[in-house]
1. Are any of the residues in region 180-191 closer than 26 Å to residue 150 by Cβ and either hydroxyl-bearing (Ser, Thr, Tyr) or touching a residue at least 24 places away in the same chain (Cβ under 8 Å) (or both)?
2. Considering only strands (runs of 3 or more DSSP E) fully contained in region 137-186, which possess at least 1 residues that are in contact with a helix residue (DSSP H, G or I) (Cβ under 8 Å, 6 or more places away or on another chain) and of a type outside the set (Gly, Ala, Ser)?
3. Among the residues of region 113-136, which ones are part of a strand (DSSP E or B) and farther than 23 Å from residue 174 by Cβ?
4. Quick check on residue 52: is it out of contact with any Gly (no Cβ under 8 Å at 6 or more places or on another chain), under 21 Å from residue 230 (Cβ atoms), surrounded by fewer than 17 Cβ atoms within 10 Å (Cβ to Cβ) and not hydroxyl-bearing (Ser, Thr, Tyr)?
5. Would it be correct to say that residue 34 is surrounded by 12 or more Cβ atoms within 10 Å (Cβ to Cβ), in a helix (DSSP H, G or I) and in contact with a strand residue (DSSP E or B) (Cβ under 6 Å, 6 or more places away or on another chain)?
6. Where residues in region 209-249 are in contact (Cβ under 8 Å) with a residue 12 or more places away in the chain, more than 26 Å from residue 132 (Cβ to Cβ) and not charged (D, E, K, R), which of them is surrounded by the fewest Cβ atoms within 10 Å (Cβ to Cβ)?
7. For region 169-182, which positions are out of contact with any Lys or Arg (no Cβ under 9 Å at 6 or more places or on another chain) and more than 20 Å from residue 141 (Cβ to Cβ)?
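FYI, it's all coordinate maths here, none of it is from the lab. Small disclaimer: the values here were computed from a predicted structure and weren't measured. We place every Cβ from the backbone using ideal geometry, glycine too, and count neighbours over all the protein chains shown.
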Amino acid sequence: MNQPSSSTDFVGKLNFANPVAQNEGSDEQRQAFAAARLGRPTLIQDARASLGVMAEPTDATGLLANGAGFLLVHAPSTVEDWTDIDEVAEVYYKEAQALLKELLPTAEVGALGSHTYRNEEIKEHYWENGIQYGPCAAAVHNDYADSLSDDGQSITEKFTEIQGMRTDRRVLGINIWRSVSPEPLARYPLAVCDRTSIDRADLEYDLNPNAKPRPFNAHYCKPNAAQRWHYYSRMTRDEALVFTTYDSHPADGEIFCPT
């Protein structure tokens, strides 16, 4: 890791939303939900200062599979036009696959088939030519979750089963997120939570509104002062934020706790 830089921690207003729960009940109940969970002041630490940046890709299995679940790595891309979906598919998909093979050297890394492009000028999610476009994510969530029993203590159907993936091996979902702006990112940085600081009792499971092809759950979360939230200040297009979004067989328990 490169040496940490000076800190730019801040208190941000996070939306601990739940698209189902926040629209249920009486007007008073919905107002109470909003007051308790939307725009909640939360300390967000600058991980560039506290954790540093990986100077080049190396084995990070322990961190991504069994630890905090996120890192920032110096990983320049040769893509010139990030709005050109053909160039991104031809060039970046292979770069991303190669990056994951370096970060998870014992894993079997499949080929990429799609990506999501987010821009603050986009107001609604939509799909075009197999690519998902959407606005900047404004609420705490994780896209991929298992189906649980009514008491929330056991899994009734894994996300991998729902998607028709192999179930005889451990499957990790890894997200690679980067800014594609020529200048360091100044607005809408992505906040991530150290997964080891999340109380599983605070996790909520409801349908992902953008799930395809079969319905599956997303994670939502209640606020908790013990949660450790981070972001990376002034991310450049030569850096990749890598974080864990799913684990079919987590080492620390049956039920996956996301980043």
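1. no
2. 142-145, 172-177
3. Answer for region 113-136, where residues must be part of a strand (DSSP E or B) and farther than 23 Å from residue 174 by Cβ: 126, 128.
4. yes
5. Answer is no for this residue.
6. 226
7. 169, 170
One line per residue, one yes/no per condition, for (1) surrounded by 13 or more Cβ atoms within 10 Å (Cβ to Cβ); (2) assigned to a helix (DSSP H, G or I):
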residue: 16; (1), (2): yes, no
residue: 22; (1), (2): yes, yes
residue: 48; (1), (2): yes, yes
residue: 77; (1), (2): yes, no
residue: 106; (1), (2): no, no
residue: 111; (1), (2): no, no
